[in-house]
Amino acid sequence: MQENKALPLQLEHYFDRLWPICRSITGEGLRESLRMLREILPLEIHEVTTGKQVFDWTIPSEWNIQDAYILSPDGRRIAEFKKNNLHVVNYSIPVNKKVTWEELEKHLHHIPEIPNAIPYITSYYAAKWGFCISHEEWLTLPREGEYTVVIDSSLQEGVLNWGECVLPGETEEEVLFSTYLCHPSMANNELSGPLATAFLYQQLAALPKRRLTYRFLFAPETIGVIAFLHERGEHLKKHLTAGYVLTCCGDSGQMTYKRSKHRHSAADRAAEHILKHSGKPHRIIEFAVGGSDERQYCSPGFNLPVGSLMRTPYQQYREYHTSLDNKELISFQALSEIIHTYTAICQVLEANQLFVNQIPFCEPQLGKRGLYPSSVDPVFNRSELHRLLHFLSFTDGTKDLIDIAEWRNESALLYDDIIRKCSNAGLI
Amino acid sequence: MQENKALPLQLEHYFDRLWPICRSITGEGLRESLRMLREILPLEIHEVTTGKQVFDWTIPSEWNIQDAYILSPDGRRIAEFKKNNLHVVNYSIPVNKKVTWEELEKHLHHIPEIPNAIPYITSYYAAKWGFCISHEEWLTLPREGEYTVVIDSSLQEGVLNWGECVLPGETEEEVLFSTYLCHPSMANNELSGPLATAFLYQQLAALPKRRLTYRFLFAPETIGVIAFLHERGEHLKKHLTAGYVLTCCGDSGQMTYKRSKHRHSAADRAAEHILKHSGKPHRIIEFAVGGSDERQYCSPGFNLPVGSLMRTPYQQYREYHTSLDNKELISFQALSEIIHTYTAICQVLEANQLFVNQIPFCEPQLGKRGLYPSSVDPVFNRSELHRLLHFLSFTDGTKDLIDIAEWRNESALLYDDIIRKCSNAGLI
Amino acid sequence: MQENKALPLQLEHYFDRLWPICRSITGEGLRESLRMLREILPLEIHEVTTGKQVFDWTIPSEWNIQDAYILSPDGRRIAEFKKNNLHVVNYSIPVNKKVTWEELEKHLHHIPEIPNAIPYITSYYAAKWGFCISHEEWLTLPREGEYTVVIDSSLQEGVLNWGECVLPGETEEEVLFSTYLCHPSMANNELSGPLATAFLYQQLAALPKRRLTYRFLFAPETIGVIAFLHERGEHLKKHLTAGYVLTCCGDSGQMTYKRSKHRHSAADRAAEHILKHSGKPHRIIEFAVGGSDERQYCSPGFNLPVGSLMRTPYQQYREYHTSLDNKELISFQALSEIIHTYTAICQVLEANQLFVNQIPFCEPQLGKRGLYPSSVDPVFNRSELHRLLHFLSFTDGTKDLIDIAEWRNESALLYDDIIRKCSNAGLI
């Protein structure tokens, strides 16, 4: 498939629009982001009401926030939510009172090791309030006098939302792309994930035909995916061939594929096959719980074939979960590349069938089918002929296309033409 | 088994007699070669008539040739079949006419990269004519004037032949040695193959006893083996334990074993075991379709355990399929060595059974059977005793002799004496 | 489990008392040694009478010895049994006669390569007599004149003994510790084995609770274990989870684990897991018959999961089976360490169960169970939380604790606390 050269610019356009929104696991910021993504792909917006039991979890109250700041004794207005939505601990309860430094200090988060970064902190399931500031700013605050803290937020009965859409194919076999949407203004983790997922939809929708059905999910991390699995889990257990969690896609690090717990699922085989034959440096890592929504997909009751193709994973880069994870950290070219890599993975998943040679006893006579050069001389380039003979020799119904291509240590995508010719000649 | 020191001279004698014959996939040259080989082993000569359907293929017309040459405008007689039978494209239709250089050129084969070599070209299934000359000679030919081309060949209803013989053993389990016989005057590919196969018969016929039955096949490549499998395929599916294609046996390169598609069949295990413990450098390569008749044996409908022990494989040496693949390229000593290696492989196949220790609970008391040294002191050489105890410990009916020997990283042929002793003592 | 610092002294105390006793595969020396070990663990002493058939073997006559020596023509009294019980070939028939040098020489054992060592020689199943002396002494003996040889031994109907005790646990699943007791005064091979086994009993008896049942065996090598297996073999086939042969435990070499023939039995997995995570250099070797009683346990009829954790194995150290294998060769600290290593192996065997996560669909909500930190910030040390989530993610009933810990390349013993917490919270 042709590379879409306009992609980086399109990605940047939506990045800039999604960036300022204050998202959380519930609330208006999440819904606004989902509505904006509907310009790219036809998402249905689902909702689950506060208090609903989903497996071991309960949907929390809906959180919304208008404003937040601190007034310092020396008259400054600091930690302003309207300047950076990371300043308030996500899911803070409302507060409006005067406090001493000693009390305030217990509610202030800062990182001495990264003095210019505002940390990203949440408290979804414990009713707390707090502010996040850079260590540099923290050093300037008076240790005496009266502070005023204001968080104009609300926690009320409401809903948790996710966005979902299905791109149908000829069969019910499904591929799932799951990304999370619940972080306020951060770039690699997380906007790179929803942006890649949305534009991947467009790439796949443009394929001339699809054997597989594709499902796209934009949900709040953890609780959103748990709610989604509560509804779709049994369906996925029946139909899911491969799934991927998209996150940390936009930095300039090499690609990293994190395997499903199964290790050799179709998801793993297709992704690793594409990376291996990409000629680019990359890493394969094993499933581990220090991660994202693959934790839910690969939990013992589901154990779905879900991996994750990223660039530099969460927690492995210094700017992770801070205000430094911003537009400067990422590259829309890098993000575009990972979308094309996911597209290639889908092409392998599409092609990776068990073919059966219909003339299994000895080789078919290719000459009479116009598939053999009419004379063989010593300088004849045998590579295409050998690939065809190889394909016919190994299509015994026990090896899929990845197996067949790997035997020759080459990409399964090289077999498109051969499969078409063999199919036309009635050989498979 | 003793090395047969006379072998190189015998091989050379038959090489010199088989060399000048113009063989093809059918015709008198093939039959003459088979009749000559009957001096070495009792071949039955089989025939299949032109037009017969064998799987996806049809037996072609029989080709015979008396003479061929070109008269050049400057009065020279060139590309003379009687000087070198490679000069005519094998299976050329008859021709006798005057042609311009422009027309002739389309029918001339030469190799600029190897200027002194006459290439070997065939056109079995497309009705064509052509000549092969060295690039050096091609440069001397006038680009103007009238050429006369003469090929005195015939394509008529007839037969395709193969030679086959069976050396019976105590059981119906079979080992197949398959070699092809259809190339005109070339040494490594192909005369080394039929010569090795024929004399291997003599080595195996000289064994004091044989548990296994051995089948030897001399057939035209591809179509001959397809015709053979049409007749013997079902039998081989039932009885074949191991098979080998013999070709490219005579050059001075290291031995190369090409595995069956199964990779760990008895054929593969025995051959690799012997090579590993030979102490000589060698290579193991995987099954690939760029090869010879293993393509038919390992086709999906049969998937027989057939590998190939060679020296330098087809297409991996520069002289391949040219007039430079001649007596100078090969060594009758090297050819003799590969025959002895195949003999050793057969000895492993003969010995490689599942033995069952009849005294399985704890070790048998060897002393009362005269199998234990009467006192054990610190300098006693325990190696023979340990091999015996090892053999008894591992003959649990799940490990064959190769497994047992490999556990100690040693040759299965070292166990002859132990097996005899244990058998005599009723221990197995 | 706490290291027992008093252990080296206790080991030395019993070493000194067991050392002078002349043991053999039968007789009073063996019984005296077993009675002494009863001070450490509650051994039951079993007996089998001379002539009894045990599998392929017959219990031999009981051997006892009072004295032995040689009088030399130059008036010296040499090879005195009372000075070193290795001087007499173990199981020598009685003799009291005058002999020439020529006759005596046939009955003298010495090692030219280790001139100051008295070799250890036995002749259990051939009625012989003999003496063992150092090569240095052998050189001083007159080659002429009359020698007097005296061996005051007896071979009579009697019994073969073994000592056995069972330390019960909550289940019938058993772990066997087998050590041999039949060598006269030698330290590494063999006193280190019985000493380690006896004190290992005390370590395991001190555990607050035991899921597994432990069996301890002290038997003469080979014939003793064959007699034991004749009685307990069927029981062990049903109940044995893991077993170990204890020998060569006291030298200062690195630890060596010799696998069971099965290679990946619970015995092998637990021992290799502990060694791998010990951080100490060690070796893993495969089962081989050059060994000890694992030969009987792993014979084809039983094929029990029995390995052996040693230091420097039999035959791999120069002093083996000579008078130089003495107290100087071993270290009670080293012996103590191996006891602690065996204890750790047992703790892994105790812990190594298949747990099943009771909340398998998605992750359990840890927060409401007090198992999750209330807020997550960038510098939070996630390692304990991740280990807990990892444990819950992998307890799907197909992976045991060793599998789960190895996935993170860490010791299974780190999971004690997590297992307790999950169990208390009803999560497993």
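Identify all residues within the range C:274-297 that are touching a strand residue (DSSP E or B) at 6+ places or on another chain (Cβ under 6 Å), buried (at least 18 other Cβ atoms within 10 Å of the Cβ) and either among the polar types (S, T, N, Q) or free of Cβ contacts under 8 Å to residues at least 60 places away in the same chain (or both); write none if there are none.
C:HIS282, C:SER292, C:GLU294
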Practice task
Working only within the range C:12-42, note down all residues that are over 25 Å from C:GLN156 (Cα atoms) and aliphatic (A, V, I, L, M).
Solution key: C:LEU37, C:ILE40, C:LEU41
Exercise for the section: Kindly indicate which of C:THR322, C:THR343, C:THR312 is among the β-branched types (Val, Ile, Thr) and within 12 Å of another protein chain (Cβ to nearest Cβ). Expected result: C:THR322
Problem - the range C:5-28 residues that are within 13 Å of C:LEU181 (Cβ to Cβ) and touching a residue at least 24 places away in the same chain (Cβ under 8 Å), paired with ones that are among the hydroxyl-bearing types (Ser, Thr, Tyr) and open to solvent by 30 Å² or more (accessible area, probe 1.4 Å) (beta carbon under 7 Å, 6 or more apart) - result: C:ILE25/C:TYR124
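Can you tell which of B:ASN357, B:ASN303 is more than 15 Å from the chain's Cα centre (by Cα) and surrounded by fewer than 20 Cβ atoms within 10 Å (Cβ to Cβ)?
Details: B:ASN357 fails: surrounded by fewer than 20 Cβ atoms within 10 Å (Cβ to Cβ).
B:ASN303 is the lone residue from the list that is more than 15 Å from the chain's Cα centre (by Cα) and surrounded by fewer than 20 Cβ atoms within 10 Å (Cβ to Cβ).
Conditions tested, residue by residue: (1) modelled with pLDDT of 95 or more; (2) surrounded by fewer than 16 Cβ atoms within 10 Å (Cβ to Cβ); (3) at the interface with another protein chain (Cβ under 9 Å from one of its Cβ atoms).
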{"position": "B:LEU349", "(1), (2), (3)": "yes, no, no"}
{"position": "B:GLU363", "(1), (2), (3)": "yes, no, yes"}
{"position": "B:TYR372", "(1), (2), (3)": "no, no, yes"}
{"position": "B:SER375", "(1), (2), (3)": "no, no, yes"}
{"position": "B:ASN381", "(1), (2), (3)": "no, yes, no"}
{"position": "B:ASP396", "(1), (2), (3)": "no, no, yes"}
{"position": "B:ILE402", "(1), (2), (3)": "yes, no, no"}
{"position": "B:SER411", "(1), (2), (3)": "yes, no, no"}
Handout entry: Test set (1) part of a helix (DSSP H, G or I); (2) in contact with a helix residue (DSSP H, G or I) (Cβ under 6 Å, 6 or more places away or on another chain); (3) open to solvent by less than 10 Å² (accessible area, probe 1.4 Å) - A:PHE218 fails condition number
Key = (1)
Completion exercise
Considering the range C:57-77, residues that are assigned to a loop (DSSP other than H, G, I, E, B) and without any contact (Cβ under 8 Å) to a residue 60 or more places away in the chain, and then whichever is nearest to the other protein chains (Cβ to nearest Cβ), we arrive at C:ARG76
Exercise for the section: Quick one: in the range A:62-94, of everything that is more than 26 Å from the chain's Cα centre (by Cα) and under 27 Å from C:GLN365 (Cα atoms), which residue is least open to solvent (accessible area, probe 1.4 Å)? Expected result: A:SER92
Exercise for the section: Filter the range A:243-300 for residues that are within 12 Å of chain C (Cβ to nearest Cβ) and basic (Lys, Arg) and give the result. Expected result: A:ARG259, A:LYS261, A:ARG263, A:ARG295
Fill in the blank from the handout: Per the filter on the range A:245-273, residues over 20 Å from A:LEU217 (Cα atoms) and either open to solvent by 20 Å² or more (accessible area, probe 1.4 Å) or part of a loop (DSSP other than H, G, I, E, B) (or both) are A:ASP251, A:SER252, A:GLY253, A:GLN254, A:LYS261, A:HIS262, A:ARG263, A:HIS264, A:SER265, A:ARG269, A:GLU272
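Could you list, in sequence order, all residues of the range A:230-242 that are in contact with a helix residue (DSSP H, G or I) (Cβ under 6 Å, 6 or more places away or on another chain) and either buried (at least 24 other Cβ atoms within 10 Å of the Cβ) or free of Cβ contacts under 8 Å to residues at least 12 places away in the same chain (or both)?
The one that is in contact with a helix residue (DSSP H, G or I) (Cβ under 6 Å, 6 or more places away or on another chain) and either buried (at least 24 other Cβ atoms within 10 Å of the Cβ) or free of Cβ contacts under 8 Å to residues at least 12 places away in the same chain (or both): A:ALA242.
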Completion exercise
Condition set among the hydroxyl-bearing types (Ser, Thr, Tyr) and open to solvent by 20 Å² or more (accessible area, probe 1.4 Å), scope the range B:125-153, selection nearest to B:LYS106 (Cα to Cα): answer is B:THR148
Exercise for the section: Select, from A:GLU47, A:GLU137, A:GLU80, the only residue that is touching a strand residue (DSSP E or B) at 6+ places or on another chain (Cβ under 9 Å) and assigned to a strand (DSSP E or B). Expected result: A:GLU47
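Out of C:GLU136, C:GLU157, C:GLU221, report the one residue that is more than 14 Å from chain B (Cβ to nearest Cβ), in contact (Cβ under 8 Å) with a residue 40 or more places away in the chain and of a type outside the set (Ser, Thr, Tyr). Outline the logic, then answer.
On the way: C:GLU136 fails: in contact (Cβ under 8 Å) with a residue 40 or more places away in the chain; C:GLU221 fails: more than 14 Å from chain B (Cβ to nearest Cβ).
Within the list C:GLU136, C:GLU157, C:GLU221, the selection yields C:GLU157.
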Practice task
Starting from the range A:160-179, keep only residues that are of a type in the set (A, V, I, L, M, F, W, C) and at pLDDT 95 or above, then list their pairs with residues that are open to solvent by 50 Å² or more (accessible area, probe 1.4 Å) and outside any loop (DSSP other than H, G, I, E, B) whose Cβ atoms are within a distance under 7 Å, requiring at least 6 positions of separation or different chains.
Solution key: A:LEU160/A:GLU47; A:CYS165/A:GLU44
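The values are calculated or read from the model by the stated rules, or taken from the named source; none is laboratory data. Bear in mind the structure is a predicted one, so any value in this text is a computation, not a measurement. Heads up, the Cβs are rebuilt from the backbone with ideal geometry, glycines too, and the neighbour counts pull from every protein chain shown. The protein model used for the area step is the full one, side chains on, heavy atoms only, and it has no ligands, DNA or RNA in it. Shrake-Rupley method; radii C 1.70, N 1.55, O 1.52, S 1.80 Å.
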